[in-house]
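Rule-based calculations on the coordinates, nothing more; no lab input. Model, not experiment: these values are computed from the prediction. Please note: Cβ atoms are built from the backbone with ideal geometry, for glycine as well, and neighbour counts cover all protein chains shown.
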């Protein structure tokens with residue numbers, strides 16, 4: 001199972017808890033994880049990736065295993081620790097604004 | 001007995017304020033969607049329990065929420081606003097070409113007859129329509145493709161389509177307004193559009209009487225007189241007696257004719273309300289006094305309404321969608337401020353009292369009269 005940690009506003013929007021568990025088929029990448037996440041929680045469509053361009057929203061970052069994966073290719077494999085469920089993929093909102 | 005429900009969008013959530021027809025004791029519900037910018041919340045005239053809300057965030061983009069029980073519960077619906085075809089460019093602040101990009105929904109206008117049909121005015125300016133309760137959205141691209149789009153430019157708040165008025169006497173006629181392009185009208189249900197800005201004069205554009213480029217802040221109509229429109233422009237309060245074909249200035253004796261809101265009494269189509277703001281560089285009421293100005297003569301002659309409103313040390317703004325009227329026999333008038341106050345008048349503006357004083361900055365106020 002893939003573990004995803006969402007920012008609080010997206011937990012409220014998707015009515016999930018602090019961590020979401022996902023069964024991802026095939027290669028575990030940013031794209032496959034987010035596709036699975038959005039399919040299970042349609043309210044999240046457009047909130048992490050732009051609804052039309054599918055680009056990561058500029059005020060969000062993807063962290064895992066103490067690395068910033070935000071600028072990796074969406075089709076690059078995520079770290080093995082994420083694929084195995086040992087570590088979560090963290091979707092983090094920028095600390096900005098009020 | 002009748003009740004009124006005031007729908008308030010703020011910088012940090014939505015609030016629902018309800019009262020009976022006396023409008024002196026209020027229940028406050030909220031914040032709904034706490035922490036999100038709620039640009040607009042509006043109910044369907046065809047089914048008052050059907051509400052639509054625009055929820056947005058710089059972090060997480062645009063969400064559209066729908067309620068079928070008068071705001072007790074909500075569900076997110078469709079949020080895909082894809083421009084029709086290649087969007088092209090509009091003018092940026094410095095006059096250079098800038099690509100059209102979706103940013104947020106400013107205004108939701110439910111159909112007068114079908115609860116599942118709703119229009120959305122968006123930034124960068126375009127008009128969308130959903131006919132399935134907000135699940136799917138299609139652009140009415142004849143507006144953006146009118147031909148003048150490359151000359152439209154953003155106001156300080158962004159290049160937003162903020163006003164949508166559906167003509168109750170002609171389902172094919174819609175009025176919209178864009179900052180800073182101006183007002184437009186369709187007479188064929190949104191297929192084709194034409195600018196309706198003749199008579200506007202704007203010193204801040206190269207040709208002050210240009211066909212497009214005017215920063216229209218808001219337009220209001222009384223449904224009993226759909227050919228008569230009232231406009232608060234960036235500067236100047238204007239009136240049209242021919243559905244926008246021509247405009248005349250009616251600023252008259254206002255202390256300043258800059259402002260954002262304008263609205264019309266529910267039963268007296270020549271009684272109109274504005275809240276003058278000092279200037280485009282000082283977005284607060286003049287002289288520290290919060291005054292609504294009312295004209296009972298369709299413009300030009302205005303009286304300040306001050307009873308119950310702060311008359312010293314007040315420096316709030318009232319944004320373009322933040323005034324509404326109810327349709328009770330004694331017309332109620334409501335407005336919200338950048339300071340988080342929502343004021344109500346149950347006597348057409350003669351006296352005012354705050355419903356709430358300490359909300360986040362108010363972006364929009366709508367009211368439903370429930371019988």
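Quick check on residue B:78: is it part of a loop (DSSP other than H, G, I, E, B) and on the phi > 0 side of the Ramachandran plot? No; evaluated as a whole, the condition is false for this residue. In summary, strands (runs of 3 or more DSSP E) completely within the range B:293-353 and bearing 1 or more residues that are touching a residue at least 60 places away in the same chain (Cβ under 8 Å) and out of contact with any helix residue (DSSP H, G or I) (no Cβ under 7 Å at 6 or more places or on another chain) occur at B:323-325, B:333-336, B:342-345.
For the structure I just gave you, tell me whether residue B:235 is under 22 Å from residue B:106 (Cβ atoms) and more than 19 Å from the chain's Cα centre (by Cα). No: the conditions fail for residue B:235. Here residue B:90 meets the list (1) in contact (Cβ under 8 Å) with a residue 60 or more places away in the chain; (2) touching a helix residue (DSSP H, G or I) at 6+ places or on another chain (Cβ under 8 Å); (3) within 14 Å of chain A (Cβ to nearest Cβ); (4) in a strand (DSSP E or B) almost entirely, failing just condition (3). Taken together, the residues in the range B:229-257 that are touching a residue at least 60 places away in the same chain (Cβ under 8 Å) and in a loop (DSSP other than H, G, I, E, B) amount to 3.
Candidates in the range B:28-67 are the residues that are part of a loop (DSSP other than H, G, I, E, B) and without any contact (Cβ under 8 Å) to a residue 60 or more places away in the chain; of these, the one that is farthest from the other protein chains (Cβ to nearest Cβ) is B:49. The single condition among (1) touching a helix residue (DSSP H, G or I) at 6+ places or on another chain (Cβ under 8 Å); (2) more than 24 Å from residue B:142 (Cα to Cα); (3) assigned to a loop (DSSP other than H, G, I, E, B) that residue B:71 does not satisfy is (1).
The condition (being in contact with a helix residue (DSSP H, G or I) (Cβ under 8 Å, 6 or more places away or on another chain), over 24 Å from residue B:74 (Cβ atoms) and in contact (Cβ under 8 Å) with a residue 12 or more places away in the chain) is satisfied by just one residue among A:43, A:94, A:81, A:76: A:76.
Looking for whichever is in contact (Cβ under 8 Å) with a residue 60 or more places away in the chain, within 14 Å of another protein chain (Cβ to nearest Cβ) and closer than 15 Å to residue B:334 by Cβ here; the options are B:3, B:10. Which one fits?
B:10
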